[in-house]
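Each remark here refers to the structure printed beneath this line.
Nothing in this text is a laboratory measurement; each read-out follows from the coordinates by a stated rule. Here the structure is a predicted model, which is why all the values come from computation and not from measurement. Every residue, glycine as well, gets a Cβ built from its backbone with ideal geometry; the counts of neighbours run over all protein chains shown.
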């Protein structure tokens, strides 16, 4: 392809690219010329007005599910504002946002950015991942624990984030099964460097796969009130719509146990009512009393 420009113009443009941080390679010989090299500084992003504002807003509302990145987020926002035109910078400054967590949101504890990077690296390079899976209360597993899980060696295939929680979809060669692991419960061993052949994922829609899978390593959130009931609904349906921090257990094709929390016992009773299903085996007695109180209140309201 001929550009139709002079040699002087070409060299001036190459100098401009070098000043912007683009590495330029000089290729010698009869077929020589210039080429863009690898590495170097990250070149300036070319964003239109809407994209620049979208990035600024996204950085200010970044989720807090990863620890240790607050300073990096602030520096990234500053860097982007510095290269914005004056009118866009003024608009971005006017959109100074403060993200407030809803009182009903109980995300998982933030995961270390180093863990996220290491797991993401293993997923990208298709390296086997070795780790201990922490207990529900965050301890290293011990053989005497009733739910003891020995050290795991898995094929990491995909990361999913949902409701403030990070999940790893992985294949376990030892059991020839697919599993879902909460990233905040993963305690990594040293990188294995051992590659594996990628497999066909267990479901064409990974979001649907994670949301409807009751066995995804969830643990009860630290609510002031925590109750449990048996619900006349299948576990995959309950798992799809249960609030964050709930734990679902499969009982049969038509019944499941759900453990969930709220700020009050009436709050739990109200959440259970949204499933519009029969419940039994209610614990503790405070939750039974709350269900009875709500039933009486709505009975009076309907008269």
Across 10 Å bins from 0, what is the distribution of all Cα-Cα pair distances for the chain, in whole percents? 5, 18, 23, 21, 16, 9, 4, 2, 1, 0
Ranked output for segments 88-98, 132-142 by mean other Cβ atoms within 10 Å, highest leading, reads 132-142, 88-98
Projected onto their principal axes, the Cα atoms of region 49-94 stretch, largest extent first, over whole-Å spans of 33, 16, 16
Over the chain, what is the relative contact order in percent, taking alpha-carbon pairs closer than 8 angstrom and at least six residues apart? 11 percent
Can you tell me what percent of all Cα-Cα pairs in region 111-211 are more than 23 Å apart? 23 percent
Region 134-172 to region 236-291: how many Å between their Cα centroids? 24 Å
Two-site label geometry, residue 153 and residue 236: point separation in nm, points 7 Å out along Cα→Cβ: 3.2 nm
Using the Kirkwood formula on the Cα atoms of region 225-301, what hydrodynamic radius do you get, in angstrom to one decimal? 12.4 Å
Mean ellipticity per residue at 222 nm, deg cm²/dmol - from DSSP H runs of n ≥ 4 across the chain, formula -39500 (n - 2.57): -10000 deg cm²/dmol
Once both labels are modelled 7 Å past Cα along the beta-carbon direction, what's the residue 67-residue 273 spacing in nm? 3.9 nm
How high is the relative contact order of region 155-303? Use alpha-carbon pairs under 8 Å, at least six apart in sequence, and give a whole percent. 17 percent
